[in-house]
Amino acid sequence: MRPLHLFIETSRPSLPTVSSAHCRALKSSLIADTYTSNNFIHRYLKCSHFSDALKVFDEMPRRDSASWNTVISGYVNADDPSNAWGVVKSMKRLGFPLDAYTFGSVLKGIASGGSVVCGQQLHSDIVKLGFTDNVYSASALVDMYAKFFMVEEADRVFGNMKHRNSVSWNALIGAYVGFGDLRSCIELFVSMEREGVRGDGGTFAPLLTLLVEVDDDYQLMRQFHGKITKNGLEYENTVLNATIVAYADCGCIRDSKKVFDGSNGYRDIVTWNSMIAAYLERDLERDAFDTFVEMIRRKIDTDAYTYSSILSSALVGDARNPRLGASLHGLVMKMGYEKVTPIANAMMSMYVKSDGDDYMVDALRVFRYTPSKDHISWNTILNGLSQNGLSEEALKLFHQMHNDHVPIDQFAFSAALKSCSDLATLHLGKQIHALALQSGLQEKEYVASALIFMYSKCGIVEDSCKSFEESRKLSSVTWNSIIFAYAQHGQGKTALNFFTLMMDEQVSPDHITFVAVTNACSHAGLVDDGLKYLKSMKTMYSIEPRPENYACTIDLLGRAGDLNRAKEVIKEMPFKPDAMVLKTLLASCRSCGDIESAMEVGNQLLELDPGDHCIYVILSDMYGNLKRWDERAVMKRLMKNEGIKKVPGLSWIEVKNKVHGFNADDRSHPQSTDIHEALRGLLFEIRVSDDEMGISFDDQDLTL
DNA sequence: GTAGGGTTAG
């Protein structure tokens, strides 16, 4: 993907300057001179005037290899490797010898977006023409293989080099950076120093991108930082910028900020963007935004990177700035960026994430007006539809992606499968599963997780288990899903067995694992185990319980009828109960039939979230059950006065590829009469068979 | 006229 060069400003010589110099040269007939002509070709190419450059080239009486090489590097620098390759082919056809300059330039082009077959042809030319010992040609070859992830070839070329400089080493290290293989990179770095080649910016900057928040990467980062300082590279922009991001990546944003604060006078635009990226890596949206505001205040140029970061982390409105989305969208338009794909994608992401008014409409509008959509544009919208419960639209879009040959990756599959789960449409879910199998993506964790969830939701936990077995089980993602699946199906013991297995396999649990585990305990009635697991989070696994962990535990106690212990759990929480925790407690009050406690919790909840319909619904329902009609009427009136409507529950059924939705008491379906007729028949049969089996059914439960 | 390196979007 390379849309960025379209709007990155580079300082270019202006065309008029070049052409007037060219005219003067023509008049004084200097143009016959090969050296002067080469110079004009170069100057025309620098200001992207290919036609003029080629005209000079075509009209030259005598071309030398520099003339050819200048044109080739012109195409390479303009990100046009296919034309560069075309020129090389003409050169060969006309019998001009390729030289080290040719190989250096054209291999760079192929590495950045050409075909590896061309690269291999050039490799054999290099061998035939005896350029294997030329450090430029060989290093470019190493880099080319590295960019195509062909480590063995890169290794072999590198191993045969007589003389190697830092560029050669960096190209080889780059091959391992491409695989995220930090250990090999470090080994190479050590060998490099042992051979007496000092690490430079090209060594450290890419190395630092591999550091993540595990084990002792932070200590490693400090060592690298020491080396960087020793080699005098700490203010070299590529290294400085990579340092800022690397500290954030291995968990220490304070060090990022320290480096940034100490870099005044050395910063470029990427330094600022890196600080913003560093904050966002640690979910510090506010700090990121403040950095952005500081950029604007100091009149520092912003670019596409700045806006895509800021947009994707922003919500349309927040307490500090309710019109934030509109302002950012306006700024983007003012900069002329709105049709730039990464920016449009980030804008869609902002609208998709903002809940409240229907921002999905705005996201779709941006999508529609984005001229060149990439697979991220499609995925952002697909994910938005899926997350916002617009499942049918999501599946339609997925279908369109499939027809339009948009590449479907794991993100697309998991979003589409989530929508299948929400609709409980097994038929479509299976079709999408088949597609995932074709592309081999079923083993990716998020796809597997979505499959597990889909089959569980459609009632086939055995197929959840199959999908689990087919997945890579490296992180908690798929484990959590399978534990949830069995818990959802009331097989708490099996779910807990998976947890034990997960521990045996030494997969680190996260707070979601414990939500799943507590859920399993809840469904198996294992109250004491559930409480034990909550305690073990901190004591055994050093995971700080979050509100959802407490909410699950409260649910567990509530279902077991132990409201008092549920209240105790809330008292022991290290933070104030949020709406989710209180709602769970309110539901527990209902299942225990404790109206006094329910009123107390209800009042607390009304302070937190007065617009929530379920508080009113639960309370009025409880009053109704206790036949306290007056109080129930008061609740109903309150609801009416506050303008709160009960959000009706919906059911779906899928028939012949079409999803039909139903409300309670819903007669709007065109075949409503037939449907009810069929249901009455079914009910009758159930009643007959129940009578035969001696089960008495309360008609009330089955009223349609 | 030649080779390597940092920041963005799901």
For a quick check of your reading of the model, give me the residue pairs whose first member lies in the range A:442-453 and is without any contact (Cβ under 8 Å) to a residue 40 or more places away in the chain, whose second is of a type in the set (F, W, Y), with beta-carbon atoms closer than 6 Å and at least 6 apart or on different chains.
A:V447/A:F413; A:I452/A:F468
Could you say whether any residue in the range A:418-430 is closer than 19 Å to A:V447 by Cβ, surrounded by 18 or more Cβ atoms within 10 Å (Cβ to Cβ) and within 16 Å of DNA strand B (Cβ to nearest atom)?
yes
Please work out if A:G490 is open to solvent by less than 50 Å² (accessible area, probe 1.4 Å) and either basic (K, R) or at positive phi (or both).
yes
Of the residues A:A560, A:A487, which is under 27 Å from A:L441 (Cβ atoms) and without any contact (Cβ under 8 Å) to a residue 60 or more places away in the chain?
A:A487
Taking the range A:106-115, which residues are crowded, with 16+ Cβ neighbours inside 10 Å and within 33 Å of the chain's Cα centre (by Cα)?
A:L107, A:K108, A:G109, A:I110, A:A111, A:G114
Flagged pairs (Cβ under 6 angstrom, 6 or more apart or on separate chains; first in the range A:104-115, over 11 Å from A:D79 (Cβ atoms) and in contact (Cβ under 8 Å) with a residue 24 or more places away in the chain; second within 6 Å of DNA strand B (Cβ to nearest atom) and among the polar types (S, T, N, Q)) are A:S105/A:S73
Just checking, which of A:T229, A:T291, A:T306 is within 23 Å of A:L182 (Cα to Cα) and in a helix (DSSP H, G or I)?
A:T229
Looking only at residues that are among the basic types (K, R) and in a helix (DSSP H, G or I) in the range A:333-382, which one is nearest to the chain's Cα centre (by Cα)?
A:K353
For the range A:344-366, pairs from a residue that is charged (D, E, K, R) to a residue that is part of a helix (DSSP H, G or I) and within 13 Å of DNA strand B (Cβ to nearest atom), with Cβ under 8 Å and 6 or more apart or across chains, are A:D362/A:Y351
Just need a number here: residues in the range A:92-105 that are more than 6 Å from DNA strand B (Cβ to nearest atom), buried (at least 21 other Cβ atoms within 10 Å of the Cβ) and either part of a helix (DSSP H, G or I) or of a type in the set (S, T, Y) (or both).
2
Among the residues of the range A:407-415, is any without any contact (Cβ under 8 Å) to a residue 60 or more places away in the chain and more than 9 Å from DNA strand B (Cβ to nearest atom)?
yes
Among the residues of the range A:207-216, are any within 9 Å of DNA strand B (Cβ to nearest atom), farther than 28 Å from A:L284 by Cα, assigned to a loop (DSSP other than H, G, I, E, B) and polar (S, T, N, Q)?
no
So how many residues does the range A:383-405 have that are closer than 29 Å to A:M333 by Cβ, of a type in the set (A, V, I, L, M, F, W, C) and crowded, with 20+ Cβ neighbours inside 10 Å?
3
Go through the range A:553-574 residue by residue and tally those that are assigned to a helix (DSSP H, G or I) and open to solvent by 20 Å² or more (accessible area, probe 1.4 Å).
9
Only one of (1) within 9 Å of DNA strand B (Cβ to nearest atom); (2) within 22 Å of A:H375 (Cα to Cα) fails for A:D268. Which number is that?
(2)
Are any residues in the range A:487-506 outside any helix (DSSP H, G or I) and polar (S, T, N, Q), and if so, which ones?
A:Q491, A:Q506
For the range A:271-318, which positions are without any contact (Cβ under 8 Å) to a residue 24 or more places away in the chain and either of a type in the set (F, W, Y) or near DNA strand B (Cβ under 8 Å from one of its atoms) (or both)?
A:F292
Take the residues in the range A:240-254 that are open to solvent by less than 20 Å² (accessible area, probe 1.4 Å) and modelled with pLDDT of 95 or more, then tell me which one is farthest from DNA strand B (Cβ to nearest atom).
A:Y247
Which pairs turn up if I take residues in the range A:251-262 that are of a type in the set (D, E) and look for partners that are modelled with pLDDT of 95 or more with beta carbon separation below 6 Å, at least 6 apart in sequence or on another chain?
A:D255/A:Y247
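So that you can scan it fast, the table gives a plain yes or no per residue for (1) under 27 Å from A:M401 (Cβ atoms); (2) touching a helix residue (DSSP H, G or I) at 6+ places or on another chain (Cβ under 7 Å); (3) modelled with pLDDT of 90 or more; (4) surrounded by fewer than 22 Cβ atoms within 10 Å (Cβ to Cβ):
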{"site": "A:D303", "(1), (2), (3), (4)": "no, yes, yes, yes"}
{"site": "A:S327", "(1), (2), (3), (4)": "no, no, yes, yes"}
{"site": "A:K339", "(1), (2), (3), (4)": "yes, no, yes, yes"}
{"site": "A:I381", "(1), (2), (3), (4)": "yes, yes, yes, no"}
If a residue has to be touching a residue at least 60 places away in the same chain (Cβ under 8 Å) and surrounded by 23 or more Cβ atoms within 10 Å (Cβ to Cβ) to count, how many in the range A:63-83 make the cut?
0
State all residues of the range A:23-62 that are assigned to a loop (DSSP other than H, G, I, E, B) and open to solvent by 50 Å² or more (accessible area, probe 1.4 Å); if no residue qualifies, say none.
A:S28, A:S29, A:D33, A:S48, A:H49, A:P61, A:R62
Looking only at the range A:173-206, filter to residues that are in a helix (DSSP H, G or I) and β-branched (V, I, T); which one of those is nearest to DNA strand B (Cβ to nearest atom)?
A:T203
Would you please name the residue that is most open to solvent (accessible area, probe 1.4 Å), looking only at residues in the range A:130-148 that are in a helix (DSSP H, G or I) and more than 7 Å from DNA strand B (Cβ to nearest atom)?
A:K147
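The values are calculated or read from the model by the stated rules, or taken from the named source; none is laboratory data. Note that the structure is predicted; figures quoted are calculated from it, not measured. We place every Cβ from the backbone using ideal geometry, glycine too, and count neighbours over all the protein chains shown. Ligands, DNA and RNA are excluded from the accessible area calculation, which covers all protein heavy atoms including side chains. Shrake-Rupley method; radii C 1.70, N 1.55, O 1.52, S 1.80 Å.
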